[in-house]
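The values are calculated or read from the model by the stated rules, or taken from the named source; none is laboratory data. What you see is a predicted model; the values in this text were computed from it and never measured. With ideal geometry, Cβ positions are generated from the backbone for all residues, glycine too; neighbour counts draw on all protein chains shown.
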There are 2 protein chains.
Amino acid sequence: MVQIASRRAAPTPKDARRAEILRGAADAFRERGFHGAAMRDIAKTLGMLPSNLYYYFEGKDDLLYACQKTALATLLAGARAAIKAGGSAAARLKAIARRHVLCLLEETGGSAAHLEFRALPGKRRAEIARGRDAYERLVRGVVEAGVASGELRPVDAKLATLSMLGALNSTVVWWKPDGPRRPPEIADAFANLIVEGLVAGGHDR
Amino acid sequence: MVQIASRRAAPTPKDARRAEILRGAADAFRERGFHGAAMRDIAKTLGMLPSNLYYYFEGKDDLLYACQKTALATLLAGARAAIKAGGSAAARLKAIARRHVLCLLEETGGSAAHLEFRALPGKRRAEIARGRDAYERLVRGVVEAGVASGELRPVDAKLATLSMLGALNSTVVWWKPDGPRRPPEIADAFANLIVEGLVAGGHDR
């Protein structure tokens, strides 16, 4: 079982500063890409000395790992809450989709860092991969249940889940904080666009 | 106007070898990621000496640019053919979606190189960005026409297009040549999953 969130102890001042740094680093990653943003660029964005930044994160891999871990914990908590809230399969999937977009665009500032999966070294990459798999299984479970009950069309649940997550993740590629659409508007539109195609016998507007 | 395909002169033997190298490079990019694959890895995958590879491509940026240019020319030609073939907006969008997946998974071997947009230097990046914009406009035009005629639901055509392209592009992230699903199966499933959500008043199975 993945217990990314619950494994944490009570936050220390260093943890709080680390969280602040992660949000700031998102701006540097978004502007320059993960590979293009050096530790000194990230420090500059944050108004810190590079040496001070290294006190909080050993290096870019460590920052990336923390970004992905934080995002995954939020995604997993969001999916669990949406599933627990109940309702139709379509309602649960829309709630998951909305939370997913808000997590990516608001919490991680639209940084694509959490998508730079291959950049992580082996052990940490495997841990993040397990978290992503757990999240994918949660979403897929809702699709499968909806197909089994006849509420959703008889789609391939694996491919439907991948298509949904692919569309949701892609928002970080084009979204800009100063663009015309706010994250909640994008979240609602994507949830609707993606989930409507799955509903059996017509649309649940 | 973007004329990536029509600008080409008759192919020379060097062009043919370059096309072969691009397909081979896709394997290296897929396995190691664009940033992880060095020119010597790509040469090794192809059974070439690095010095020989440099005869065909000045460097990795040049390879990436060629990958993206080739993929875009195929995507643009595919969208134009699908639009020309006519039919309902849903039929045209499904044809575009199918061709898109086949282009990514079969022609470019599932390499994510064409997505590493930020890695290109300024002028070439701008050229590729123009091509991507032209492609997006073609797809969006079909969505807008379908919404205007009442065939499609009154969705935000811009966001619907981005959601569709995001889902289609994401196939390269998880697809593996030795995986259980062949590209045509994925192409059909994604076309159906994505486009059904747009059809007004029920599904066009």
Search result, residues across the range B:16-59 that are part of a helix (DSSP H, G or I) and aromatic (F, W, Y): B:F29, B:F34, B:Y54, B:Y55, B:Y56
Does at least one position in the range A:145-156 carry a residue that is under 19 Å from the mean Cα position of the chain (by Cα) and within 11 Å of another protein chain (Cβ to nearest Cβ)? no
What is the one condition in (1) under 30 Å from A:P154 (Cβ atoms); (2) in contact with a Ser or Thr (Cβ under 6 Å, 6 or more places away or on another chain) that A:F29 does not satisfy? (1)
Taking B:A119 as meeting all but one of (1) at pLDDT 90 or above; (2) touching a helix residue (DSSP H, G or I) at 6+ places or on another chain (Cβ under 7 Å); (3) within 11 Å of chain A (Cβ to nearest Cβ), write down the number of the exception. (1)
I'd like the residue in the range B:158-167 that is closer than 15 Å to B:R92 by Cα and without any contact (Cβ under 8 Å) to a residue 60 or more places away in the chain and, out of all such residues, is farthest from the other protein chains (Cβ to nearest Cβ). B:T161
Where B:G87 falls short, out of the listed (1) of a type outside the set (A, V, I, L, M, F, W, C); (2) more than 22 Å from A:V173 (Cα to Cα); (3) within 11 Å of chain A (Cβ to nearest Cβ): (3)
Assess whether B:R80 counts as being charged (D, E, K, R), buried (at least 20 other Cβ atoms within 10 Å of the Cβ) and either touching a helix residue (DSSP H, G or I) at 6+ places or on another chain (Cβ under 7 Å) or part of a helix (DSSP H, G or I) (or both). no
Please determine, by comparing only the residues of the range A:19-71 that are surrounded by fewer than 18 Cβ atoms within 10 Å (Cβ to Cβ) and basic (K, R), which one is farthest from A:R132 (Cα to Cα). A:K44
Taking the criterion of being of a type outside the set (S, T, N, Q), under 30 Å from B:G36 (Cα atoms), buried (at least 21 other Cβ atoms within 10 Å of the Cβ) and within 13 Å of another protein chain (Cβ to nearest Cβ), would at least one residue in the range A:168-182 satisfy it? yes
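Conditions (1) in a helix (DSSP H, G or I); (2) modelled with pLDDT of 95 or more, marked per residue:
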{"site": "B:A129", "(1), (2)": "yes, no"}
{"site": "B:E136", "(1), (2)": "yes, yes"}
{"site": "B:V142", "(1), (2)": "yes, yes"}
{"site": "B:V173", "(1), (2)": "yes, no"}
{"site": "B:P177", "(1), (2)": "no, no"}
{"site": "B:R205", "(1), (2)": "no, no"}
Per the filter on the range B:20-66, residues of a type in the set (D, E), without any contact (Cβ under 8 Å) to a residue 40 or more places away in the chain and closer than 24 Å to B:K123 by Cα are B:E58, B:D62
Return yes or no: is A:G166 touching a Ser or Thr at 6+ places or on another chain (Cβ under 8 Å), among the small types (G, A, S) and modelled with pLDDT under 95? yes
